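Scroll down for the structure; my scribbles are underneath it.
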Amino acid sequence: MTEIRFFALGGLGENGKNMYVVEVDRQLFILDAGIKYPSSELFGVDEIIPDYRVLIRAKDRIQGIFLSHGHEDHIGALPHILKDLNVPVYATNFTMQIVKDTLLDAGYELENLTLNTINQNSIIKFNSVRVTFFNTTHSIPESVGIAIHTVKGLIVYTSDFTFDQSSDRKYQTDFQKINQLAEKHVLALLSESLGSTLVLNGGVNQELTHRLNSVYAHAKGAESSCRSSFPSGKDPAYRRYLAQKSTAKKKIATSVVGPRSASSISPLAKAI
Ligand SMILES: [Zn+2]
């Protein structure tokens, strides 16, 4: 008799600190590990992390931390959590590059960690459980939804996403895969509710990109301007991303992943 439980360590009723746990026959699958930024009255607090202490005594039952995408509210707590829970981490290549950069900044030796790069076709098996992935559209490349297949049915986690098939291939939702999952027995859909009460259409990312590019293109000194926060100019995923972005006549990158240090931005300025 399969027993399935779900609980959240953050991310419900708040914006950020996303961290969810699905338990299947005592095996723990962690979905995201994000931070939340403090409100203005929390002076001196840089970031708020989920209270993961409950997981420490269950450490041996944790199968892995599965990351949906590279935003800080989904990956930012990893440098804290991995100190106590050195468990395998699964993420797409782009997300993993950001994770690695963040962990190096925090003083980790990457070879001491188990960092597994996946793509939307990966199937990871844990006894009777399988974990699969599907591409979703978001404001950052290689964002994925995560499906946990049990003998009783599926638990599907989407994280935050939009629908925008006009976007670059790296941002497109895989509707075929979603349809295939829907034909199976979905026990629960764990989806983001942020912005769901908006009455108006939220618009598409392309529009924003176009507007930002236009501002940079017409700004004084635009030839050398760079506003970006990608992990490393040497990363192939990042380079591919830059190549797509550099179709504009002027060499401008306008995407923002999250707040990064000036030292991590400077190699990028050289790269483009
Ligand atoms: Zn996000």
Output for region 20-50, where each listed residue is part of a loop (DSSP other than H, G, I, E, B) and either within 16 Å of the ligand (Cβ to nearest atom) or touching a Leu at 6+ places or on another chain (Cβ under 6 Å) (or both): Asp32, Ala33, Gly34, Ile35, Tyr37, Glu47, Pro50
Of all residues in region 157-170 being within 15 Å of the ligand (Cβ to nearest atom) and closer than 17 Å to Gly70 by Cβ, the one that is modelled with the highest pLDDT: Tyr157
Qualifying position, being assigned to a loop (DSSP other than H, G, I, E, B) and of a type outside the set (Phe, Trp, Tyr), among Lys152, Lys125: Lys152
Out of Asp32, Asp60, Asp101, Asp73, sole residue that is in the same structural domain as Val131 (by TED's automatic domain parsing) and more than 25 Å from His138 (Cα to Cα): Asp60
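Inside region 171-199, can you point out the residues that are within 15 Å of the ligand (Cβ to nearest atom) and either surrounded by fewer than 18 Cβ atoms within 10 Å (Cβ to Cβ) or part of a loop (DSSP other than H, G, I, E, B) (or both)?
Narrowing region 171-199 to residues within 15 Å of the ligand (Cβ to nearest atom): 171, 173, 190-196.
Passing the criteria: Thr173, Ser191, Glu192, Ser193, Leu194, Gly195, Ser196.
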Any hit, region 105-127, residues being closer than 23 Å to Gly16 by Cα and within 16 Å of the ligand (Cβ to nearest atom): no
Among (1) at pLDDT 95 or above; (2) within 18 Å of the chain's Cα centre (by Cα); (3) farther than 30 Å from Asp25 by Cα; (4) not β-branched (Val, Ile, Thr), the one test that Glu111 misses: (2)
Hits in region 142-170 - residues which are small (Gly, Ala, Ser) and exposed (fewer than 14 other Cβ atoms within 10 Å of the Cβ): Ser166
Residues of region 57-75 classified as in a strand (DSSP E or B) and at pLDDT below 95, total: 0
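What number of residues in region 76-99 are part of a helix (DSSP H, G or I), within 20 Å of Phe7 (Cβ to Cβ) and within 16 Å of the ligand (Cβ to nearest atom)? Please lay out each step first, then the result.
Within region 76-99, the subset part of a helix (DSSP H, G or I) is 78-84, 93-99.
If we keep only those that are within 20 Å of Phe7 (Cβ to Cβ) as well, we get 78, 80-81, 84.
Among the residues that remain, those that are also within 16 Å of the ligand (Cβ to nearest atom) are: 78.
Total satisfying the criteria: 1.
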Yes/no for Gly107 being touching a strand residue (DSSP E or B) at 6+ places or on another chain (Cβ under 8 Å) and in a loop (DSSP other than H, G, I, E, B): no
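Confirm whether Ser139 is surrounded by fewer than 23 Cβ atoms within 10 Å (Cβ to Cβ), in the same structural domain as Asp160 (by TED's automatic domain parsing), in contact with a helix residue (DSSP H, G or I) (Cβ under 9 Å, 6 or more places away or on another chain) and at pLDDT below 95. Steps first, answer last, please.
On the way: surrounded by fewer than 23 Cβ atoms within 10 Å (Cβ to Cβ): yes; in the same structural domain as Asp160 (by TED's automatic domain parsing): yes; in contact with a helix residue (DSSP H, G or I) (Cβ under 9 Å, 6 or more places away or on another chain): yes; at pLDDT below 95: yes.
It is true that Ser139 is surrounded by fewer than 23 Cβ atoms within 10 Å (Cβ to Cβ), in the same structural domain as Asp160 (by TED's automatic domain parsing), in contact with a helix residue (DSSP H, G or I) (Cβ under 9 Å, 6 or more places away or on another chain) and at pLDDT below 95.
The values are calculated or read from the model by the stated rules, or taken from the named source; none is laboratory data. What you are looking at is a predicted structure, and each value in this text was computed from that prediction instead of being measured. Glycine also receives a Cβ, built like all others from the backbone with ideal geometry; neighbour counts cover every protein chain displayed.
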